[in-house]
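Notes to accompany the following structure.
The values are calculated or read from the model by the stated rules, or taken from the named source; none is laboratory data. In this text the structure is predicted, and so the values were computed from the model without any measurement. In this analysis, Cβ positions are derived from the backbone assuming ideal geometry, glycine residues included, and neighbour counts consider all displayed protein chains. Accessible surface is based on the protein model in full, side chains and every heavy atom, while ligands, DNA and RNA are left aside. Shrake-Rupley method; radii C 1.70, N 1.55, O 1.52, S 1.80 Å.
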Amino acid sequence: MNYQQLLYLSGAAIIFSAGTFALSMEKVEQSNVDASMHVETLVLGSGCFWGAEKRYEALEGVIDAESGYADGKGFEATYRNITKQSRRFDENNFAEVVKVTYNSNIISSQALLKNYFESHDPTQLNKQGNDIGTQYRSIILTSNNEQSDTAFKVKAQYQQLLTNAGYGDIVTAIKPLEGFIAAEEYHQNYLQKNPNGYCPDHSTGVVFEPVPDETKDNTALLAGKQIVVIDSRDYCPYCEKFKKEVANDYKGTIPLSFRFADQLDGLTIKSATWATPTILFLENGEEVYGRQGYANRDTFYKALGAFKLGNSEAYKVAFNAKTDRPYCKEYKIFKNTPDGTFVDKLSGEALFDTRDRFNSGTGWLSFTHPVKNSVTEHEDNSWGMQRIELRSKSSGIHLGHLFPGEGPRGEDRYCINATVLDFIPRDNS
């Protein structure tokens with residue numbers, strides 16, 4: 001063997017060794033992935049699958065949640081078929097279920113099943129809340145013996161907790177999974193596709209690991225007008241959306257509070273409390289009006305307007321684009337206030353500053369400009385005129401009109417109805 005042949009073979013050996021090393025590294029990496037990703041599936045039925053699907057997806061360790069049908073026979077599993085009136089009490093009907101795919105090294109089967117039992121009322125037979133029928137039955141469909149053993153153990157533990165709390169027997173069936181049929185596409189991620197609904201919450205409030213006492217003192221809610229929003233203990237996208245788009249910016253004079261459904265002691269509530277969010281308008285601790293489900297800005301403030309203003313001139317101005325009478329009593333009060341800010345009567349958001357107020361001689365409050373980004377402008381061709389309507393950006397209520405160039409020194413005149421404003425003196429401390 002000459003030197004060149006030796007060098008060639010040595011090179012081949014080096015290449016071969018490098019290749020073997022790369023393959024070995026791939027096996028090690030795959031082994032690490034397998035060790036950290038122990039993928040399992042459980043099929044769970046707890047009533048309507050829409051809210052359940054979203055709730056499972058929010059759990060750390062859940063890879064996917066898919067709505068579907070299981071544990072039925074004798075006909076094609078479709079939403080139309082399972083919800084027929086003739087199958088309402090059919091024992092062969094399919095159940096609405098969610099197939100939960102999860103990494104059991106992050107969320108154990110036990111933890112997932114505890115969440116399942118806590119999230120609904122497993123003592124209700126073939127129903128959850130107002131949803132009645134065999135398709136709404138409580139059921140656990142397992143993929144292996146270990147899951148089955150765990151399910152029976154968790155069920156027994158929860159039964160003891162429910163018994164201590166005064167509930168009856170758990171009716172949840174536990175069976176091996178024989179088949180799963182995915183629901184129609186419009187049911188998948190239903191809450192994302194229908195952003196203006198609510199999350200059904202039929203939970204008993206009984207939990208495996210009690211949190212510190214969350215009893216709320218409702219004494220303050222027994223006096224005057226109050227707004228109470230029923231929140232969810234679990235993840236509720238509609239609740240979070242309402243907080244982000246409405247509640248977090250609310251500065252109105254009627255206090256707004258959040259409560260869970262089991263924190264309403266002492267209040268007289270007429271509305272069902274299993275939907276989150278539910279917005280309750282109370283007076284002296286008694287519900288005057290309740291609205292179930294997500295409310296956008298316009299819907300919330302129109303309801304608040306009716307609650308706070310009633311059938312008043314202010315309501316007609318705010319929501320029917322009426323106009324104050326010139327020199328009305330509110331104008332006379334507001335035309336000579338001390339230094340301060342005029343705010344939206346419903347949202348509490350600042351709209352105009354006394355430093356920009358001037359006497360136009362018209363009988364309506366007039367300003368040279370609003371607080372920055374507080375109002376919106378809209379074309380108004382009513383009464384045969386071409387005008388610029390002004391609305392509050394925060395609540396959408398009608399404020400008045402803009403008349404370009406009619407202010408002092410050729411500035412604009414913002415002509416505003418006093419009845420839809422509140423005044424806050426400036427804190428100069």
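What to note about this one:
- Top-ranked residue in the range 258-301 [being without any contact (Cβ under 8 Å) to a residue 40 or more places away in the chain and of a type in the set (F, W, Y); ranked as least open to solvent (accessible area, probe 1.4 Å)]: F258
- For the range 61-99, the set of residues classified as over 12 Å from T134 (Cα atoms), open to solvent by less than 50 Å² (accessible area, probe 1.4 Å) and of a type in the set (G, A, S) consists of G61, A65, S67, G68, A77, listed by residue number.
- Scoring S382 on the criteria (1) in contact with a helix residue (DSSP H, G or I) (Cβ under 9 Å, 6 or more places away or on another chain); (2) of a type in the set (S, T, Y); (3) open to solvent by 40 Å² or more (accessible area, probe 1.4 Å) leaves a single failure, condition (1).
- Qualifying residue in the range 129-144 (condition: on the phi > 0 side of the Ramachandran plot, under 27 Å from the mean Cα position of the chain (by Cα), not basic (K, R) and not in a helix (DSSP H, G or I)): yes
- When S119 is tested against (1) within 21 Å of the chain's Cα centre (by Cα); (2) open to solvent by 40 Å² or more (accessible area, probe 1.4 Å), just one condition goes unmet, and that condition is (2).
- Within the range 322-340, being farther than 13 Å from I416 by Cβ and either open to solvent by 30 Å² or more (accessible area, probe 1.4 Å) or of a type in the set (G, A, S) (or both) holds for K322, R325, Y327, K329, K332, I333, N336, P338, D339, G340.
- Set T101, T150: member being of a type outside the set (A, V, I, L, M), touching a residue at least 12 places away in the same chain (Cβ under 8 Å) and not in a helix (DSSP H, G or I): T101
- Residues of the range 324-350 that are more than 21 Å from A303 (Cα to Cα) and aliphatic (A, V, I, L, M): I333 alone.
- Comparison of I424, I388 shows that the only residue that is surrounded by fewer than 18 Cβ atoms within 10 Å (Cβ to Cβ) and farther than 20 Å from P338 by Cβ is I388.
- Residue match in the range 132-147 (condition: over 22 Å from K73 (Cα atoms), surrounded by 20 or more Cβ atoms within 10 Å (Cβ to Cβ) and either in contact (Cβ under 8 Å) with a residue 40 or more places away in the chain or of a type outside the set (F, W, Y) (or both)): yes
- Selection count where residues are out of contact with any Leu (no Cβ under 9 Å at 6 or more places or on another chain) and in contact (Cβ under 8 Å) with a residue 12 or more places away in the chain, scope the range 51-64: 5
- The range 206-235: number of residues that are surrounded by 14 or more Cβ atoms within 10 Å (Cβ to Cβ) and free of Cβ contacts under 8 Å to residues at least 60 places away in the same chain: 8
- Flag: Y102 matches the condition of being farther than 25 Å from T273 by Cβ and either surrounded by 19 or more Cβ atoms within 10 Å (Cβ to Cβ) or within 31 Å of the chain's Cα centre (by Cα) (or both).
- F260 passes every criterion in (1) under 22 Å from V420 (Cβ atoms); (2) modelled with pLDDT under 95 apart from (1).
- A247 closer than 24 Å to D217 by Cα and free of Cβ contacts under 8 Å to residues at least 60 places away in the same chain: yes
- If you go through the range 169-195 and keep only what is among the small types (G, A, S) and either under 16 Å from A111 (Cα atoms) or open to solvent by less than 40 Å² (accessible area, probe 1.4 Å) (or both), you end up with A173, G179, A183.
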